[in-house]
Amino acid sequence: MAVIKAENIGLVYGAGTSFEKTALSEVSFEIEKGEFIGIIGHTGSGKSTLVQLLNGLLKPTDGRIYLNGKDIWEEPKKIRNVRFKVGMVFQYPEYQLFDETVYKDISYGPKNMGLSEDEIDERVKKAAEFTGLKKELLDKSPFDLSGGEKRRVAIAGVVAMNPEVLILDEPTAGLDPLGRDALLSQIRDYHDANKNTVILVSHSMEDIARVADRILVMDHGKKIMLDTPKNVFSKGRELEKTGLRVPQVTKIMMLLKEKGIPVNQDILTIEQAFNEIINYLGSKAEG
Amino acid sequence: MVRDITLGQYMPGNSIIHRLDARSKIMLLIAYIVFIFVAGNYVSLLLMTLSSLLIVMLTRIKFMMYLKSMKVILFVVIFTGILNIFYGTGNVLWEWQFIHITDGGLSNALFVTIRIATLVMVSSILTFTTSPSDLTDALEKIMKPLTVFHVKVHEIAMMMTIALRFIPVLLEEADKIMNAQKARGADMESGGVIKRIKALIPVLIPLFVSSFRRATDLAMAMECRCYNGGNGRTRMKQLKFTVVDLVGLLFCIVIFTGVILCNIYFKSVMI
Ligand SMILES: Nc1ncnc2c1ncn2[C@@H]1O[C@H](COP(=O)(O)OP(=O)(O)OP(=O)(O)O)[C@@H](O)[C@H]1O
Ligand SMILES: [Mg+2]
């Protein structure tokens, strides 16, 4: 059974005022347990809106959202339980830190869940480890950390709640390339270790292609595709119409193919491209 | 939601009222408010109300927006209205224990209600049709004579400009942080007063931190652009009086004279 199922959801901001704005319309999809989903789309295409709907921070103006087969808005009083199950890391989460020490800040979520002290301690330590925070940082004030470290603390704060579904809204925005790769790998490791469902929002095709099992492409508040990276990128032309670009290596392979060189287009990383080209050159030398 | 409040919000446009100089709008608004209180009977008050409605039509902003701005103070209007019902003199219409409702009281209540509604309406005309920067510029110009008394007019105006500019930013930020903490299971909608205040801490601290960060950034940016106070500073958009302002002034003089005449020739309502 799907963990999350969206049925024709739509959202209008400021309905009935002069600032009315349709951010999302008629979006339907199903996400299976343990999947790693990437969401991509240009600025303002409704990605953040969509993920906020999934954990009940926004209420859809149309349609329904099911978590494990149950409509999340069936009992509006219990929406907090949905938020515990669907953890959400916001865009620029470092601005939400508030407590005296990193340790206390990470334990804010688990505390709200009403866990025991021991359980909280264990979860905080585990979450810190997963996000690559060093032990000695735990007793520091979160305001004394670097931007990248703050980001990790904020992510750890959500991971510590051990949600069934973890949503991350552009977790790598503003990090340097090394930090970005490290964070992405850690998220992927977290997913592999716990078999949790992860939803990652990003602007970068390269990032998403590296980690996601399936990609959801958004354009002007509508779902354009939901498919494996290979299938999505094979429709490169269609993607470009929505203002998105396939990863550069994929693009190169597509251009080679157009020039009549018989290479595989379903290439997502530089390594794959390298091997493919070597193979081609090898076969040419033989033939 | 905080976004739905229309009181004090600028709505860009190109109507004749938008084109009035901000200084004339402020001065005329003050005069208008004075005369709303000068108007002592229904005829003169109606003159004020109808002329304000005419100006409202001239702004070409949907009347709905004005109604919404009144919604915010609806409570005040109803409260003063009801209070006035019970404090009147005249013929008793209805009596129950210590409560007497008199025709004078009812009339007072109606009068006060119209008065406050008109007051809010004209004030909304100013804020709806004047951009915040024009507003503070005009205030600075109007208060200029006070520099003689060592009042830091420019600094005050600059503070107001910045405050006005950042209110929506702060509201949006508060909204965002609140959502982020809700996602971590913060419960802000239930519990007693103490519990609710405590629940606000995780929102207030990040909000303060980011306000200070914004303040430092802004100060730095202003210094980088060589801001050093108001002395010798010129403006890109100069305020200018035009024919429209003259027409506005004449219009107001006519209305105000009418109000004074009506006050003299008709019986006063308020006691
Ligand atoms: N609180 C709000 N009130 C009104 N309109 C909003 C609000 N939040 C977002 N919008 C509008 O809804 C649309 C979708 O916004 P959303 O934040 O979901 O985009 P996004 O895909 O996350 O963009 P980005 O990549 O820049 O983060 C935008 O046009 C935006 O202007
Ligand atoms: Mg976004």
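The values are calculated or read from the model by the stated rules, or taken from the named source; none is laboratory data. Since the structure is predicted, the reported quantities are computational estimates derived from the model, not experimental observations. Heads up, the Cβs are rebuilt from the backbone with ideal geometry, glycines too, and the neighbour counts pull from every protein chain shown. Ligands, DNA and RNA are stripped out before the accessible areas are found, and what is left, the full protein with its side chains, is counted by its heavy atoms. Shrake-Rupley method; radii C 1.70, N 1.55, O 1.52, S 1.80 Å.
Structure data summary
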quantity: Candidate set: the stretch A:4-38, residues that are aromatic (Phe, Trp, Tyr) and surrounded by 14 or more Cβ atoms within 10 Å (Cβ to Cβ); chosen: the one nearest to the other protein chains (Cβ to nearest Cβ); calculated: A:Tyr13
quantity: Matching residues in the stretch A:131-178 - criterion: being within 16 Å of ligand 2 (Cβ to nearest atom), open to solvent by less than 10 Å² (accessible area, probe 1.4 Å) and of a type in the set (Gly, Ala, Ser); calculated: A:Ala154
quantity: The stretch A:232-281, residues that are under 20 Å from A:Thr43 (Cα atoms) and at pLDDT 85 or above; calculated: A:Val232
quantity: Within the stretch A:121-140, considering residues that are over 22 Å from the mean Cα position of the chain (by Cα) and not in a helix (DSSP H, G or I), the one nearest to the other protein chains (Cβ to nearest Cβ); calculated: A:Lys140
quantity: Single residue of the stretch B:207-221 satisfying the filter (under 29 Å from the mean Cα position of the chain (by Cα) and hydrophobic (A, V, I, L, M, F, W, C)) that is farthest from the other protein chains (Cβ to nearest Cβ); calculated: B:Ala219
quantity: One residue from A:Glu75, A:Glu94, A:Glu117, A:Glu100 being touching a residue at least 60 places away in the same chain (Cβ under 8 Å) and over 19 Å from A:Ala193 (Cα atoms); calculated: A:Glu94
quantity: Filter result for A:Gly56 (on the phi > 0 side of the Ramachandran plot, buried (at least 16 other Cβ atoms within 10 Å of the Cβ) and away from ligand 2 (no atom under 14 Å from the Cβ)); calculated: yes
quantity: Wholly within the stretch A:1-120, helices (runs of 4 or more DSSP H) carrying at least 1 residues that are within 16 Å of ligand 1 (Cβ to nearest atom); calculated: A:47-54
quantity: Pick from the stretch B:180-206, criterion more than 9 Å from chain A (Cβ to nearest Cβ) and assigned to a helix (DSSP H, G or I), ranking: least open to solvent (accessible area, probe 1.4 Å); calculated: B:Ala199
quantity: Inter-residue pairs, beta-carbon under 7 Å, first more than 14 Å from chain B (Cβ to nearest Cβ) and away from ligand 1 (no atom under 16 Å from the Cβ) and in the stretch A:193-217, second outside any loop (DSSP other than H, G, I, E, B) and among the acidic types (Asp, Glu), 6+ apart; calculated: A:Arg214/A:Asp227
quantity: Options A:Phe90, A:Phe98, A:Phe143: the member that is farther than 21 Å from A:Leu168 by Cα and facing another protein chain (nearest Cβ under 9 Å); calculated: A:Phe143
quantity: Residue in the stretch A:152-161 that is within 14 Å of chain B (Cβ to nearest Cβ), under 23 Å from B:Arg213 (Cα atoms) and within 16 Å of ligand 1 (Cβ to nearest atom) present; calculated: no
quantity: Given (1) in contact with a Leu (Cβ under 6 Å, 6 or more places away or on another chain); (2) modelled with pLDDT of 85 or more, index of the condition B:Ser69 fails; calculated: (2)
quantity: Residue in the stretch A:61-71 that is under 18 Å from the mean Cα position of the chain (by Cα), open to solvent by 40 Å² or more (accessible area, probe 1.4 Å) and of a type outside the set (S, T, N, Q) present; calculated: no
quantity: Residue in the stretch A:105-112 that is open to solvent by 50 Å² or more (accessible area, probe 1.4 Å), at pLDDT 90 or above and more than 9 Å from chain B (Cβ to nearest Cβ) present; calculated: no
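So that you can scan it fast, the table gives a plain yes or no per residue for (1) open to solvent by less than 80 Å² (accessible area, probe 1.4 Å); (2) charged (D, E, K, R):
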site	(1), (2)
B:Ser44	yes, no
B:Lys71	no, yes
B:Trp94	no, no
B:Phe98	no, no
B:Gly105	yes, no
